[in-house]
Amino acid sequence: MNDLRRFWELLASAACCGALMAGSAAIDPVEALTIVPTFTSSITGATNALTIENSIDAAIGTIRSLYSNPGTVNIVYSACGGGGAPGCGGSFLGESDTVQVPVSYSSYTALLASDSAAHPTNTTLASAIANLASGNMPGPGGSVKVTPAGTQVVLGLPTTGCFTATGGFVGACGQAFDGVITLNVGQPLNYTTTPAGGQFSAIAAMEHETNEILGGGGQGSQLNNIPCGGSKTDFPDVGVLDLHRYSSPGVPSFSSCNGISAYLSVVGGAPTSSISTATPMAILRISGRTASSNRRSPPKASCPATQRPRPSSR
């Protein structure tokens with residue numbers, strides 16, 4: 001998972017969609033993306049509400065700085081695990097909930113190509129597009145799964161969210177909020193940017209989860225939904241990161257089995273270090289300890305044919 005996150009951070013710095021879903025300026029993008037946080041009463045009612053809110057705002061500022069695509073993403077932030085907040089139902093540090101929008105492979109790649117043509121200085125995006133043919137593709141009848149935030153901000157497709165201002169899931173969608181992020185305040189948290197022994201970084205956790213609402217991390221792969229040995233016929237969909245997963249140069253990897261060695265590359269499977277001199281790596285600087293986590297069940301509702309609930313990603 002650390003490799004997935006590192007690769008996503010690379011791509012976010014270079015302005016792509018989904019696995020390449022980020023701003024169109026290659027080095028110092030003009031901040032055009034707006035992420036609007038809505039805090040539920042589990043945060044606003046906490047004794048340290050301002051501290052929690054400031055850490056979330058700091059995380060949002062980091063993510064926004066990686067994008068130059070114009071657009072607005074609305075996210076509900078909540079807390080659990082202490083200070084009057086409801087119980088968490090698990091030992092996780094943070095989690096994100098959103099849905100997945102199916103986009104045909106041809107449409108997805110065409111929209112990326114259009115973005116690349118509009119931003120010729122983005123060599124990372126151009127390389128990723130040039131090497132798509134050597135990577136994974138959807139199986140029969142499958143599609144590329146993209147979060148609503150990704151489809152709106154980068155692909156430019158009209159998509160509504162599926163969550164209310166209180167974080168409730170609405171199966172018919174048509175809502176203003178693209179996802180929900182929950183911070184476990186029952187964990188030992190450090191709300192500053194100065195590392196502290198024995199504490200988790202709340203800012204880093206919120207950077208990671210906000211990045212997932214935009215389509216990175218666990219929200220960028222379908223492998224969590226596929227059993228070991230599952231075929232492309234039975235599980236034809238791919239995530240935006242899955243398009244760039246390799247086991248060796250030119251050999252795509254798409255397996256959820258334990259012990260499989262795989263990595264992500266925008267250069268047809270060549271090691272990412274080979275482009276590190278031209279492309280910033282690990283921009284988000286995710287730091288602090290990591291916690292084991294248990295997935296929360298997806299919302300108990302059904303989405304229309306174009307969308308479906310996506311289990312929490314942590």
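The values are calculated or read from the model by the stated rules, or taken from the named source; none is laboratory data. Here the structure is a predicted model, which means the values were calculated and not measured. Note: ideal-geometry Cβ built from the backbone for every residue, glycine included; neighbour counts use all protein chains shown.
Could you grab me the full set of residues in the range 190-221 that are part of a loop (DSSP other than H, G, I, E, B) and surrounded by fewer than 23 Cβ atoms within 10 Å (Cβ to Cβ)?
The answer is Tyr191, Thr192, Thr193, Thr194, Pro195, Ala196, Gly197, Gly198, Gln199.
Residues that are at pLDDT below 50 and within 28 Å of Ala58 (Cβ to Cβ): does the range 245-265 have at least one?
no
Just one of (1) surrounded by 15 or more Cβ atoms within 10 Å (Cβ to Cβ); (2) closer than 26 Å to Val144 by Cα; (3) at pLDDT 90 or above trips up Gln187, so point out which.
(2)
Condition (residue is under 23 Å from Ser255 (Cα atoms), surrounded by 21 or more Cβ atoms within 10 Å (Cβ to Cβ) and modelled with pLDDT of 90 or more) applied to the range 75-98: is it met by at least one residue?
no
Select the helices (runs of 4 or more DSSP H) contained entirely in the range 30-125, then report the ones holding at least 1 residues which are closer than 26 Å to Gly198 by Cβ and not hydrophobic (A, V, I, L, M, F, W, C).
By residue number, 41-44, 49-64.
Mind checking whether some residue in the range 145-168 is on the phi > 0 side of the Ramachandran plot and modelled with pLDDT of 95 or more?
Among the residues of the range 145-168, at least one is on the phi > 0 side of the Ramachandran plot and modelled with pLDDT of 95 or more, which makes the answer yes.
Looking for whichever is in contact with a helix residue (DSSP H, G or I) (Cβ under 9 Å, 6 or more places away or on another chain), farther than 14 Å from Gly94 by Cα, at pLDDT below 95 and not aliphatic (A, V, I, L, M) here; the options are Gly197, Gly171, Gly215. Which one fits?
Just one listed residue meets the conditions, Gly215.
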